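**Q** Next up is a structure, given as C-alpha cells.
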Amino acid sequence: MARRQRYVILGAGSLGRSLAGRLARDGQAVTLVDAEGGRLEGIDGAADLQVMVGSATSLRILRAAGVGSADVVVALTGEDAANALICGLAKRLGAKTTIARVRDAELAAAASEVGLDRIGIDLAISPEGLAVDALQRIVTASGCVDALDLAEGRVALRAFVVAKESPLAGTTIEEARRIAPGRWLIAALGGAESWSVPGPQARLLPGEPAYVCCAAEEAAGLVPI
C-alpha cells in the first residue's frame with residue numbers, strides 16, 4: 001500500500017515551514033507557497049522541497065503549484081476565509097484531500113453545519129491546539145481523519161472514512177486484503193460510540209470510519225479506503 005505522495009502547503013508561517021520540512025525529509029514531494037519570498041528561505045528540508053512565491057488564492061499560482069495532481073493540499077494561511085477558498089479551488093482543480101486551518105470557532109461551527117465537504121474541505125484543524133508532529137501524522141495519510149502512533153512510534157494507527165466510490169466499499173476485510181495486499185490490517189470499524197474489532201468477514205461500509213494499523217515507516221504511503 002505504500003507509495004510516495006505529493007503535498008502542496010499554502011502558507012509558510014512557522015507551522016507551514018515545519019510541516020513542509022518534515023515531509024520533505026521523510027522523502028515526500030512537497031511544494032510550499034507563500035506571498036512573501038522571505039518566508040520561504042532557509043527551510044531545513046530536502047531536495048524534494050520546492051518553494052513558490054505567489055498568492056495562495058490565485059488560480060494561476062494554485063495550478064502552477066500542482067494542486068490538481070496533489071494527494072494532499074494543506075491551507076495554513078493566517079486567514080480562515082482564504083484557507084476555505086483555497087480548499088474549494090483545490091478540490092475543483094482535482095486535489096484528492098484538502099485540509100484547512102480554521103481558527104474562528106463560529107466559522108468552524110457554520111462550516112460544519114453546512115457540511116465541510118460542500119465547500120471543498122475534507123478536514124478542518126485548529127493547530128493552536130495541535131502539535132506539528134500530530135499534524136504531520138494526519139496529513140501524511142491522505143484522507144486521514146485521525147492519527148495515533150503506538151509502541152514508542154513503531155506502529156501507526158490511522159483513521160479513514162470509507163469512501164462510497166472506493167473499490168473496497170462493501171467488501172469484506174478478507175476481500176479487501178486480496179484487492180489491496182500489503183502489510184496492514186484493519187484494527188477497528190465504526191465511530192467513537194460504536195466501534196468494534198472486526199473479523200475477516202466484516203464489511204467496509206461507505207461512510208463508516210475504519211482504523212488501519214501498519215508499520216510507522218509505511219504510514220506516509222497509506223492511501224484512502
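**Q** Could you compute the FRET efficiency for Lys164 and Val53, with r as their C-beta to C-beta distance and R0 at 35 Å, rounded to 0.05? The partial results should precede the final answer.
**A** Numbers: r = 39 Å, r/R0 = 1.12.
FRET efficiency, Lys164 to Val53: 0.35.
**Q** Right, another one. DSSP loop GluC sites (Glu not before Pro) in the stretch 30-100 with at most 10 other Cβ atoms within 10 Å of their Cβ, which ones? Present the calculation step by step, with values, prior to reporting the outcome.
**A** Numbers: sites: Glu36, Glu41, Glu79; in loops: Glu36, Glu41, Glu79.
Sites meeting the loop and neighbour criteria: Glu36, Glu41.
**Q** Using modelled amide H (1.01 Å from N, peptide plane; none on Pro or chain starts), what sits under 5 Å from the amide H of Arg6, excluding residues fewer than 5 places away?
**A** Asp71, Val72
Only the coordinates and a few stated rules stand behind these numbers; no lab work does. Quantities reported herein were computed from a predicted structural model and do not represent experimental measurements. In this analysis, Cβ positions are derived from the backbone assuming ideal geometry, glycine residues included, and neighbour counts consider all displayed protein chains.
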